[in-house]
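See structure below.
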Amino acid sequence: LVCQIGSPKSVAKGLQRIGRSGHSFGKVAKGRLLVFDPDDLVECAVMCRAAHRNHIDRVQVPEDCLDVLAQTVVGMSLSVRWDVNDAYKLVKHSYCYRNLPEEKFISILKYLGSKDEYEGVYSKIWYDEEENVFGRKKGSRMIYFMNLGTIPEESNYRVITNRGQTAGELSEKFVERLTPGDIFVLGGRSFEFVRSKGMMAHVKEASGRKPTVPSWAGEMLPRSFDLSMDVAEFRGEMSRDVDSVTEDELLAHLCSDFDIDEGSSRSLISYFKEQKASCGVIPDDKKLIVEEYIDPSGNQRIIFHFPFGRRVNDALSRAYAYRITNLIGITVSVTMSDDNFMLGMSRRIDISRIIGMLDSKDLETILRKSIRDSEIFKLRFRHTASRSFMILRNYMGRPVSVNRQQTRSAYLLESLANMDNMPVIEETYREILEDDMDIKNARYVLDLIGSGDMGVSVLPYNGTPSPFAHSIILSGFSDIVLMEDRTALLKELHRKVLYRAMGDSVKEFEFEEDQVIPYFREKIGRVTAYSDIVSLLKLTGPLQAFRE
């Protein structure tokens, strides 16, 4: 039996993990999915149904990766002298490069051969443009075999405070998501990110301020777009069923078709009923919601209920934030999940202006501008420069530290500021926009919105955030408050939703605390005497708690 804690984020990953059980002839693989919140429950339920229907996520193969192509060309040059046309035809036989434009292939040859605008780059091959041939250059064999590979070297950033003290370390995955002004928690203390230099992250203390970036932000797997669309379609089904089907029929349908227990099914039904009672609409594959929320500090939060997965939401949130920043001239914070993303700002904006703010034709241009000076661009440039042999991981038989690689990449990036068409820079953009984000499906979503096939409703703030917004509103609280306090905040939000939907009649269904505590206290099995231990062990089996 495999117990999967939380969603595996794709049908393929779920089947692979559960498939690790029953590794014997004639055995059946079994798995249990353990969820923590309603959004996780929805995701896992939809994943189970998709698995039963053999709806497995499509495989996305990276195309036209120029850094890997540079390695390939250097490797080809070691064995024989190549005619450029023959080499280009051979490369296009690969599925990944079947659509590679010839001018991009020529730009790789010029970069590796130190021609034209790349004259200052140390050449790895010799390239004769007149004879249209290229071949091996002396010394390139050692560079190739000592620096071959696509997995980047990673290291932790040292966190330096404004007092010059070391506060701890942060992973690269976490730092790449930071922007100046972001608040995060490290070692129980809040810090504001200022800038990075080399492998050092410079911060200043921000005591008492709520984090804008959760501590797990860099570690979360993104949900696949196919599973995300299934989740959106399921929301549409539930939106219709909660009004047209009896609760018993809906309960039976969820238990049989989605492999979830009765208690989870009831929680699912309640979750959707509360959302519909709260704001009258459930965001799905045909209609979306842009919701306004004013936090206790008086800052505006705009929540986009876009259930398209973290990669699509990453692209859309950055683009919307860039547009709003240019419009009102203030920094916009971004918090995102697979089901929505939230933009935070200190100055209020009319949310009805946001609907037509973004167009699919301008998306790539906006994203390129928004990420050019970001931390993720600096890190990805180091990775692509290393794979392209612009920065060497091993030189003269000695390894080059990650810190030194990052320092060199920073100098190179500054020198190449006006050369966005350079293969290494171009590949950095491609890796961020297509691998880290999902610009293709982000464009698809914007096209659906622009054509009217997907509607967007505006939900102004009315005192209580909708249930679907609770998770992202509380996303930063797990770093600064105890779990009991976070639960209390969630209960308070839930109570406000009930009062908004049911009015004062909700008091008829509420229990007083002095009624609830004694009732559950009686149900807790307690060991008060030696004789109780025997009965407890008969019920539970061996317990490590009784070992000395």
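In plain terms, the chain from SER457 to SER360 could stretch by 33.0 nm, reckoned as 0.36 nm per residue minus the Cα-Cα distance. With R₀ fixed at 60 Å, the C-beta to C-beta distance from SER79 to GLU262 puts the FRET efficiency at about 0.35. Extension gain for ASP514-LYS92 works out to 144.5 nm (0.36 nm per residue, less the C-alpha to C-alpha distance). Beyond 32 Å in Cα-Cα separation lie the following of the pairs LYS204/LYS276; LYS110/LYS440; LYS30/LYS210; LYS173/LYS361: LYS204/LYS276; LYS30/LYS210.
Positive contributions from Lys and Arg (+1) and negative ones from Asp and Glu (-1), summed over other residues with Cβ under 11 Å from the Cβ of MET238, come out at -1. Against the 2.2 N^0.38 Å scaling, with N counting residues, where does the stretch 277-360 land? I'd like the Cα-based Rg ratio to two decimal places. The reported ratio for this selection is 1.05. Across the stretch 404-413, computed HN-Hα scalar couplings (Karplus, 6.51 cos²θ - 1.76 cosθ + 1.60, θ = phi - 60°) run 5, 4, 5, 5, 5, 5, 5, 5, 5, 4 Hz from first to last residue, x flagging Gly and Pro.
For ASP57, nonlocal amide neighbours, meaning residues 5 or more places apart or on other chains whose placed amide H falls under 5 Å from its own, are VAL11, ALA12. At full extension, ILE533 and LEU148 could sit 132.4 nm farther apart than now, given 0.36 nm per residue minus the alpha carbon distance.
In this calculation the C-beta distance from PHE36 to GLU131 is compared with R0 = 41 Å, giving a FRET efficiency of 0.05.
Taking the square roots of five times each eigenvalue of the Cα gyration tensor of the chain, the equivalent ellipsoid has semi-axes of 48, 28, 27 Å, listed largest first. Think of it as helices only: each DSSP H run of n ≥ 4 in the chain is worth -39500 (n - 2.57), and spread over all residues that comes to -13500 deg cm²/dmol at 222 nm.
Cα-based values for the stretch 286-479, radius of gyration first and Dmax second, are 19.3, 66 Å. DSSP finds beta bridges in the chain, and of those with both partners inside it, around 75 percent are antiparallel.
The protection proxy used here, the mean number of other Cβ atoms lying within 10 Å of each residue, ranks peptides 330-339, 533-542 as follows, highest first: 330-339, 533-542.
Here the chain is assigned +1 on the Cβ of each Lys and Arg and -1 on the Cβ of each Asp and Glu. Its dipole about the Cα centre then comes out at about 1860 debye. If r is the Cβ-Cβ distance from LYS204 to LEU327 and R0 is 41 Å, what FRET efficiency results, to the nearest 0.05? Once rounded, the FRET efficiency stands at 0.90.
Packing around the peptides 76-84, 278-286, taken as the average count of other Cβ atoms within 10 Å per residue, puts them in this order, highest first: 278-286, 76-84. Each of the peptides 25-37, 236-248 was scored by the mean count of other Cβ atoms within 10 Å over its residues; in descending order, highest first, they stand as 236-248, 25-37.
Throughout, read-outs are computed from the coordinates displayed, never taken from laboratory work. It should be emphasised that the depicted structure is a prediction, and the values quoted were computed from it without experimental measurement. Cβ: placed from backbone, ideal geometry, glycine included. Neighbour counts: every protein chain shown.
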